[in-house]
1. Restricting the first residue to the stretch A:76-95 and requiring it to be more than 9 Å from every other protein chain (Cβ to nearest Cβ) and within 27 Å of A:Gly116 (Cβ to Cβ), which pairs with a second residue that is assigned to a strand (DSSP E or B) and among the small types (Gly, Ala, Ser) meet a Cβ separation below 6 Å and a spacing of at least six or different chains?
2. Answer with yes or no whether A:Val183 is within 14 Å of chain B (Cβ to nearest Cβ) and over 17 Å from A:Thr206 (Cα atoms).
3. Does at least one position in the stretch A:57-68 carry a residue that is more than 25 Å from A:Arg170 (Cβ to Cβ), away from chain B (no Cβ under 14 Å), surrounded by fewer than 17 Cβ atoms within 10 Å (Cβ to Cβ) and at pLDDT below 80?
4. Give me the residue from the stretch A:99-127 that is at pLDDT below 90 and more than 20 Å from A:His173 (Cα to Cα) and, out of that set, nearest to the other protein chains (Cβ to nearest Cβ).
5. Considering the stretch A:204-249 alone, what residues qualify as being touching a Lys or Arg at 6+ places or on another chain (Cβ under 8 Å) and under 17 Å from A:Ile176 (Cβ atoms)?
6. Could you please find all residues in the stretch A:250-288 being within 17 Å of A:Leu181 (Cβ to Cβ), of a type outside the set (A, V, I, L, M), assigned to a helix (DSSP H, G or I) and in contact with a helix residue (DSSP H, G or I) (Cβ under 7 Å, 6 or more places away or on another chain)?
7. Pick from the stretch A:235-257 the residues that are within 22 Å of the chain's Cα centre (by Cα) and surrounded by fewer than 13 Cβ atoms within 10 Å (Cβ to Cβ): which of them is nearest to the other protein chains (Cβ to nearest Cβ)?
8. Hey, among the residues in the stretch A:214-234 that are at the interface with chain B (Cβ under 7 Å from one of its Cβ atoms) and assigned to a loop (DSSP other than H, G, I, E, B), which one's modelled with the lowest pLDDT?
Amino acid sequence: MLLSEHELHTLGALRVQPLSRPRRQTPADFSSLDKGLGLEFADYQLFQPGDDIRHVDWTHYHKDRRLVVRKYDQHESVRVFLMIDLSASMSCQGPEKVRAVQRLAAALALCLLRNGVKLLLCPVGQSQQRVPFSGWSRWQPCLESIEQLPVGGNAHVMEEVQQFHYLGTRTDHLVILSDFLDVEDTAAWDRYLAPLTERGSLIHPTCQADIEPPLEGGLTLEEAESTQAASLTVDRQVLLAYRDAYDAYYQQLNQVAQHHGCRYIRLRCEDPLERQMEILAPEGVLFV
Amino acid sequence: MTLYGLSLVVAAALVVGAWGILTASHLLHRRYRRVTVPTLRFWQAALKKQRQDTLGGRWRHPWIWLLLCILAGLLVLGMMQPALTGTRGAVPHVVILDARASMGLATDEGGDRLDQARSLARQYIRRVADLGGITLVTVSDTAAVLSRADDSLTEALYQLEQVEVSPATTVQGMQQALNLAATLVQVDPRTGVVVVTDHELAAETLPVSLRPRMQVLNIADPINNLALLPLEVTPFTEGRTHVDVWVAYWGREPGHGTLSLLVGEETREALPISIQPGHMQRHRFTVAAADLDRLSARLYDEEPFAVDNRAERVSRSRYRVFLPDNAPMALRAALSAHPGYQAVGQSEQADVCFGMAPASAGSREHPEAVHVTPALCPDPRQRRAWMTDLFLGPTLVPVEPNEGSVLLATGSGQALAVRREGTPSFITLSPSLFDSQATFWKQVQFLPIVDAMMQAPRVPSSALATVLYSNLTSDQEAAAAELNAGTSVSLYRWLLWLILIVLGGEMVLYTRGKIV
């Protein structure tokens with residue numbers, strides 16, 4: 001099992017809040033921006049031509065001699081595309097990172113399903129079909145599905161994001177668990193993230209070996225997802241240059257994400273799941 | 001294929017050594033540890049810097065090792081100087097025979113250098129005649145093609161026997177011959193070239209296409225040679241004679257010497273001379289006719305090696321002529337006034353005897369013109385000049401030819417002067433030539449015609465063999481030389497192109513990042 005009982009219990013208490021409030025007329029679990037046919041009173045509003053006269057609050061009229069209508073909270077359903085990148089670049093650092101990513105994905109899926117979110121599991125790396133999950137009763141098959149996701153292959157995160165734009169609606173949300181290495185430059189991210197606008201979360205699981213590779217001496221470096229290789233002598237200066245390039249890349253990605261109202265969060269795989277979820281869900285609210 | 005450079009063993013050792021060094025360098029620089037990383041993106045900056053800073057790091061890549069091994073192999077192959085050879089098809093040859101003045105020098109074995117060179121050329125021609133055509137070229141002031149490739153072997157050998165020493169001393173003729181050979185090589189790259197000479201041929205003077213394929217056969221040590229040619233005597237005035245002394249020089253540095261004119265053992269004049277290589281100088285002295293019998297010239301060098309040339313004394317100072325009692329006064333006067341001739345009283349003592357044809361009755365109304373025959377003057381222009389206003393008298397007395405050479409004749413072919421060779425030679429003249437009404441003896445060309453009739457020999461300037469000697473060593477054993485001209489097509493150029501292609505390929509791979 002990816003998650004322990006204690007983690008299941010803890011994660012079940014988290015609430016999920018979409019970054020952007022949806023607006024549609026379908027009754028569901030999330031409060032919509034639109035006021036309409038819900039059960040909970042939300043607010044008064046002056047009567048406008050076209051309003052339903054049945055909603056006029058006559059009591060208020062007798063008091064204030066103003067025609068007002070009662071507005072109620074409307075709840076919408078939210079669908080989240082959860083992209084999990086277990087490609088070769090994510091798995092080359094060892095099974096610990098893969099396990100950590102799977103646990104994180106399971107935790108996210110659990111929270112989403114518990115909070116009534118419709119989940120679409122999108123594996124990245126191997127050619128796998130997207131699997132939908134909805135309803136709390138489906139959390140177990142969802143976790144099992146995550147645990148059985150194939151590891152390796154080449155990541156095509158951008159292609160999946162493009163598919164999200166084609167298949168999803170303007171109310172769907174996207175959560176990506178990846179190292180975001182499959183684009184030539186961050187300008188491409190700008191193009192792909194632009195349509196998301198407060199509907200995307202970029203979660204970057206990283207390990208210490210990614211930030212400070214434990215390498216030294218003459219090496220032939222082989223890229224995990226291609227046949228490219230390069231030989232060089234790794235020393236302190238080379239590691240510093242690597243770190244600078246690494247930080248610069250993700251800093252730029254963060255800027256692009258923020259520019260489009262999305263979140264970029266870097267999590268350390270060495271941290272316990274509880275700590276990771278604290279970062280993702282400050283004060284018990286998971287924003288997606 | 002023939003290898004003209006390194007031997008196979010040496011080449012193999014070089015290749016093995018070079019490949020061993022390259023392989024060791026490659027192994028030392030190879031990265032044994034291969035590490036998989038998520039991406040090379042973040043390593044690119046450091047990679048680029050290292051690539052710029054450590055050229056030696058290029059040794060790591062297997063491609064580099066392989067390309068360098070190929071380069072080393074090609075370079076060693078180039079040093080082996082491979083060339084395509086074979087006897088399939090006709091293989092033409094060019095034989096260049098040096099016939100300049102120095103080839104007339106005597107050899108210890110008798111004969112002169114040209115004889116030796118001719119013998120070598122003959123051997124070579126006979127040996128390669130079956131392979132293809134022979135082009136025979138001789139070198140004098142110019143290059144002359146004596147036989148072409150499509151001529152028969154007999155023709156080539158015949159022309160070879162006709163070659164004679166020329167007085168030329170310049171290099172122009174040799175250069176022409178070499179350029180001609182280079183042209184023939186361009187037409188057929190398998191052409192073999194052999195030069196038989198006694199001069200040194202420097203590589204830089206050779207056409208480029210000939211340098212790797214030409215065989216030069218030197219039949220003498222090409223060192224300095226200061227030589228004195230036989231004296232030439234020119235009658236000047238009565239009692240005085242001009243003596244021309246020719247000095248020739250073959251060598252590398254300018255030559256210096258002292259030319260002395262001796263009468264007997266007494267030095268009459270000493271003249272310091274300076275002469276450039278390949279040049280001849282004429283020095284004229286005026287001496288008394290009476291001293292001609294004892295006259296000689298001597299030339300010795302200032303260099304440490306002894307060069308002592310001595311020209312033989314003039315063998316004959318004045319030409320001895322016998323005139324009969326009935327010789328015309330004009331003839332007698334002409335001969336006596338000429339300092340080059342000496343009248344003798346007996347025909348046995350003479351070099352040439354004159355006689356008059358018996359007079360016979362005959363008359364012509366019109367004077368007959370005197371014709372000069374080619375036997376007397378081969379030059380047609382000179383002949384025409386001599387025949388100007390040359391007439392007989394009214395009486396024609398023909399001379400019987402009697403198997404002699406007709407020197408003067410009438411327009412109708414009747415002989416007027418006949419020379420019969422012998423010891424002495426005999427010249428029979430027609431009295432008609434000296435008739436009072438004849439113009440023959442009154443014209444200015446009378447004396448030159450008489451001179452020509454007597455054919456007084458000058459000391460030949462080309463008779464080097466008998467009078468010249470130098471400090472040259474004896475001729476080398478030319479027979480030991482292997483006459484094997486390079487009839488092959490060199491592969492140098494192709495190897496060079498291959499090396500450039502390999503280098504270009506390496507540069508392309510490097511710029512595309514395929515090799516570090």
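The values are calculated or read from the model by the stated rules, or taken from the named source; none is laboratory data. Everything numeric here is computed off the predicted structure, so don't read it as measured data. FYI the Cβ positions are ideal-geometry reconstructions off the backbone, even for glycines, and counts take in every protein chain you see.
1. Within 6 Å, the pairs are A:Glu76/A:Ser32.
2. Numbers: within 14 Å of chain B (Cβ to nearest Cβ): yes; over 17 Å from A:Thr206 (Cα atoms): yes.
Against the criterion (within 14 Å of chain B (Cβ to nearest Cβ) and over 17 Å from A:Thr206 (Cα atoms)), A:Val183 qualifies.
3. no
4. Residue satisfying both the conditions and the ranking: A:Gly125.
5. Of everything in the stretch A:204-249, those that are touching a Lys or Arg at 6+ places or on another chain (Cβ under 8 Å) and under 17 Å from A:Ile176 (Cβ atoms) turn out to be A:His204, A:Pro205, A:Thr206, A:Tyr249.
6. Hit for the stretch A:250-288 is A:Gln252, nothing else.
7. Selected residue: A:Asp247.
8. Narrowing the stretch A:214-234 to residues at the interface with chain B (Cβ under 7 Å from one of its Cβ atoms): A:215, A:218-224, A:228, A:230-233.
Of the ones still in play, those that are also assigned to a loop (DSSP other than H, G, I, E, B) are A:215, A:224, A:228.
Numbers: A:Leu215: 89, A:Ala224: 89, A:Gln228: 83.
My answer is A:Gln228.
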